[in-house]
Amino acid sequence: MSERDPAIGLLEFASIAAGIEAADAMVKAAPVAGIYAGTVHPGKYLVMVSGDTASVEVALDRARSDADAEVFLPDVHSSIPDAMTRGQRAAPGGESLGVCETTTVAAVISAADAGVKAAHVEASAVRIADGLGGKGYVLFVGTLADVEAALEAAEAAVEPSHIVGVSLIPQLAAEVAQNMESDLRFLKRISRPSGKR
């Protein structure tokens with residue numbers, strides 16, 4: 001995914017067969033700059049396309065009727081693709097942290113984009129699907145007022161039924177920040193040799 005691509009669109013399918021068929025139809029329908037498709041837990045298939053706004057919209061129109069969830073961001077914030085691919089990064093200890101957890105990948109991408117556009121925050125991580133049972137979450141870092149505004153915007157951008165939880169931590173403890181910086185997944189944390197954080 002290139003930061004130069006102004007638009008992204010994602011379709012989420014309950015059927016792998018339907019997802020593969022949709023991916024094929026989407027790239028045949030429009031000259032998208034990039035396509036990223038594959039399986040995620042729990043047995044879903046995701047298809048994300050990026051490129052100019054018109055091409056992404058045409059590609060989505062070609063297959064959205066068969067999708068279970070979707071997101072179309074014609075002017076995606078440039079930090080969102082990076083936050084989706086970098087893995088993890090937590091707030092430094094003492095900084096405010098906001099967490100928005102959703103039921104779908106499409107919803108968390110919408111929430112992340114809305115949050116960073118609404119306030120002066122960083123989306124330090126956007127975790128999607130795998131290892132999360134198909135859910136997603138975004139971590140916002142910034143001042144207390146900005147993180148609060150980002151969470152409000154994120155929640156407003158998603159249907160209430162797709163919100164699992166929203167939390168605001170005014171001053172993240174240094175120990176928690178250190179754990180999150182190392183790895184956001186529990187099993188990775190406990191499998192490290194003794195004495196290593």
Identify, by number, the condition in (1) in a helix (DSSP H, G or I); (2) at pLDDT below 90 that residue 1 doesn't meet.
(1)
Is it true that residue 32 is of a type in the set (Val, Ile, Thr), assigned to a loop (DSSP other than H, G, I, E, B), touching a residue at least 24 places away in the same chain (Cβ under 8 Å) and touching a strand residue (DSSP E or B) at 6+ places or on another chain (Cβ under 8 Å)?
yes
Any chance the stretch 41-49 includes a residue that's over 15 Å from residue 107 (Cα atoms), touching a residue at least 60 places away in the same chain (Cβ under 8 Å) and touching a Leu at 6+ places or on another chain (Cβ under 8 Å)?
yes
Just to check your reading of the model, which residue among 126, 158 is more than 26 Å from residue 27 (Cα to Cα), among the β-branched types (Val, Ile, Thr) and in the same structural domain as residue 177 (by TED's automatic domain parsing)?
158
Of all residues in the stretch 161-190, how many are part of a loop (DSSP other than H, G, I, E, B) and either at pLDDT 80 or above or not assigned by TED's automatic domain parsing to the domain that holds residue 143 (or both)?
4
Considering the stretch 135-160 alone, what residues qualify as being part of a loop (DSSP other than H, G, I, E, B) and among the aliphatic types (A, V, I, L, M)?
157, 158
Answer yes or no as to whether residue 63 is closer than 18 Å to residue 5 by Cα and in contact with a strand residue (DSSP E or B) (Cβ under 7 Å, 6 or more places away or on another chain).
no
Just to check your reading of the model, which residue among 17, 37, 59 is of a type outside the set (Phe, Trp, Tyr) and either surrounded by fewer than 18 Cβ atoms within 10 Å (Cβ to Cβ) or in the same structural domain as residue 136 (by TED's automatic domain parsing) (or both)?
17
In the stretch 88-126, which residues are at pLDDT 90 or above, over 21 Å from residue 67 (Cβ atoms) and not in a loop (DSSP other than H, G, I, E, B)?
96, 97, 98, 99, 100, 101, 115, 116, 117, 118, 122, 123
Go through the stretch 90-109 and report how many residues are within 20 Å of residue 39 (Cα to Cα) and crowded, with 23+ Cβ neighbours inside 10 Å.
7
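The values are calculated or read from the model by the stated rules, or taken from the named source; none is laboratory data. Since the structure is predicted, the reported quantities are computational estimates derived from the model, not experimental observations. Note that we place each Cβ from the backbone using ideal geometry, even for glycine, and neighbour counts take in every protein chain shown.
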